[in-house]
Structure formats: structure tokens, C-alpha cells
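Colleague: Pasting a structure below so you can have a look.
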Amino acid sequence: MEWASHWLHFAYRSTDIFNNGVADTCAELGIVVTAHTPLGAGMLTGNIKSVSDIPKGSFKSFFPRFQEEALKKNFLLVQELQKLAEKKGVTAAQLALAWVKNKGKDGKPFIVLAVGARSVERVKENFADVVLTEKELQDIKEVLEHNPVMGDRFPTAFAAHTEY
Ligand SMILES: NC(=O)c1ccc[n+]([C@@H]2O[C@H](COP(=O)([O-])OP(=O)(O)OC[C@H]3O[C@@H](n4cnc5c(N)ncnc54)[C@H](OP(=O)(O)O)[C@@H]3O)[C@@H](O)[C@H]2O)c1
């Protein structure tokens, strides 16, 4: 396999590459996809329930998905995912990471996760080998379809200077 890396931001919330041919092309050419921010910068862990949970000065306070109205709406999605995680006996973070890993199942494309965590406990939690069943994947798909993410990925001025 040729080792190149294609950096893309995706979690449940930025799945464009699976619909626009990029993931298929990476698989075909043996290009590794690096999935950065797979926990939605912490949102998908369930720990960010409102804007008051965002530390002052954090980049998140400038991002559309973390603005008050959007965050309120996006937290509804997180709560639905939390229910599925609880049903499986895993954490919301583990469910999110398992979902991303599943997207790279059988090397289609090969996916490397770039997760941020600052404690040994969280790193261990995030490394757990959680495998989702077809039924669980279907349940997640339905939750995602019923709860579209509110807010652009990046602020407009920032987006104008990114390549993806
Ligand atoms: N190339 C690019 O364009 C680009 C853009 C953005 C990010 N990145 C890279 O992607 C990597 C990850 O990004 P990120 O850290 O912003 O986002 P992330 O991995 O989606 O989320 C990390 C956040 O989730 C929290 N967290 C991690 N594990 C958790 C758990 N098990 N339970 C509860 N909370 C948990 C972390 O808190 P604690 O830190 O307090 O543990 C942190 O606030 C970084 O290396 C970053 O540099 C690259």
C-alpha cells in the first residue's frame, strides 16, 4: 500500500467524503485517510451540553456548530447517540470512534484515527476495541438521518482558506 495521508475531518457530523467519491478514490489508490477530530472536538462525548461548557478563549467558541442555538440542536443528536451507547454498554466516545473505524472496515479506505485526549483513562477508553453490529449501525444511521447537524463545519472566513 502506498503511504500517503489524506487529512479529513469527519465524525458522524462531516461525512462528505463518503458521498463525494473521495473515500472510494482513496481506497482505490491506497491512500490512507486520517480522521481528525473524530469526537467532534468533544461534542460527541456528551460533555458539552451548552455554551457554558466551552472554556473561555477556546477555538470552539468561534465555530458555528458550537454557537448557542446550533449547540442546543446538536446536543439532541448527541443525546440520541448516548442512548444507543448506553444500550450497548459503551461510552458515547467509544460509540463515535467505533463508527468511524467501521467506515474503514476492510481497508475501504484504510482509516487512522487522530483523537485528542489528555488523560490516561481517556486514552484507554478510546482505544477499546468496540465493534458495531449491523443493527447498531442501522440504528445510528436512523438517528443521524432524523437529527441533521446544525451549523457549518468552519466559520465562513476560515472556510475560505481551507482546501476541504
Ligand atoms: N489537520 C487538521 O486540519 C486538524 C484540524 C483539527 C484537529 N486536528 C487534530 O486532530 C486531533 C484531534 O482533534 P481534537 O482534539 O480537537 O478533537 P477530538 O479528538 O474530536 O476531541 C477531543 C476532545 O474530546 C475530549 N475527549 C477525548 N476522549 C474523551 C472521552 N473518552 N470522554 C470524554 N471526553 C473525551 C478531549 O478532552 P481532553 O483533552 O480534556 O481529554 C477533547 O476535548 C488533534 O491531534 C488535532 O491537532 C487536525
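Colleague: Over the stretch 5-159, what is the mean sequence separation of C-alpha contacts under 8 Å (at least six apart), divided by residue count, expressed as relative contact order in percent? Display every interim value, and only then the final one.
Modeller: Values: 200 pairs, mean separation 48.7, N = 155.
After rounding, I find 31 percent.
Colleague: Which of the GluC sites (Glu not before Pro) found in the stretch 115-164 are in a DSSP loop and have at most 15 neighbouring Cβ atoms, other than their own, within 10 Å?
Modeller: Answer in residue order: Glu163.
Colleague: Work out the FRET efficiency for Asn19 and Ser52 from their Cβ-Cβ distance, taking R0 = 41 Å, and round it to the nearest 0.05. The partial results should precede the final answer.
Modeller: On the way: r = 34 Å, r/R0 = 0.84.
Rounded to the nearest 0.05, the efficiency is 0.75.
Colleague: Given a cut-off of 25 Å, what percent of all Cα-Cα pairs of the chain lie beyond it? Display every interim value, and only then the final one.
Modeller: On the way: 4167 of 13366 pairs.
Roughly 31 percent, rounded to a whole number.
Colleague: If you take the beta carbon distance between Ala160 and Gln138 as r and set R0 to 45 Å, what does 1/(1 + (r/R0)^6) give as a FRET efficiency, to the nearest 0.05? Intermediate results must be reported in sequence, preceding the final value.
Modeller: Numbers: r = 37 Å, r/R0 = 0.83.
Between Ala160 and Gln138 the formula returns 0.75.
Colleague: Top mean-square fluctuation among Lys141, Lys49, Lys103, Gaussian network model of the chain, C-alpha springs under 10 Å?
Modeller: Lys141
Colleague: Roughly how many debye, to the nearest 20, is the charge dipole of the stretch 5-159 about its Cα centre, given +1 on each Lys and Arg Cβ, -1 on each Asp and Glu Cβ, and no other charges?
Modeller: Numbers: 20 positive and 18 negative charges, 85 e Å.
The calculation lands at about 400 debye.
Colleague: Oh, and also: Given a 10 angstrom Cα cut-off, can you work out which residue in Gln67, Gln138, Gln82 is the most mobile in a GNM of the chain?
Modeller: Per the Cα network of the chain with a 10 Å cutoff, Gln138 tops the list.
Colleague: In nm, what is the difference between 0.36 nm times the number of residues separating Val120 and Asp152 and their Cα-Cα distance? Please list the in-between numbers first.
Modeller: Numbers: separation 32, 0.36 × 32 = 11.52 nm, distance 3.19 nm.
Going from the current span to full extension adds 8.3 nm.
Colleague: Sorted from fewest to most neighbouring beta carbons within 10 Å, what does the list Ser119, Ser61 look like? Provide the component values of the computation, followed by the final result.
Modeller: Numbers: Ser119 8, Ser61 12.
Ascending Cβ contact count within 10 Å gives the list Ser119, Ser61.
Colleague: Also: Quick one: of the DSSP bridges fully inside the chain, what percent are antiparallel, nearest 5? Spell out each step's value before the answer.
Modeller: Details: 0 of 9 bridges.
Here the share of antiparallel DSSP bridges comes out near 0 percent.
Colleague: Which of the listed residues, Gln82, Ala92, Ile111, is farthest toward the dipole's positive end in the stretch 76-117, when Lys, Arg count +1 and Asp, Glu count -1 at the beta-carbon?
Modeller: Value: Ile111.
Colleague: Only counting other Cβ atoms within 10 Å, I'd like His161, His146 sorted with the fewest neighbours first.
Modeller: On the way: His161 7, His146 10.
Starting with the residue having the fewest Cβ neighbours, the order is His161, His146.
Colleague: Just to be sure I understand: with springs between alpha-carbon atoms less than 10 Å apart, which residue in Val33, Val120, Val149 has the highest mean-square fluctuation in the Gaussian network model of the chain?
Modeller: Per the Cα network of the chain with a 10 Å cutoff, Val120 tops the list.
Each reported figure results from applying straightforward, stated rules to the coordinates on display, with no laboratory input. Not measured: the values here are computed from a predicted model. Cβ sites come from the backbone with ideal geometry, for glycine too, and all protein chains shown count toward neighbours.
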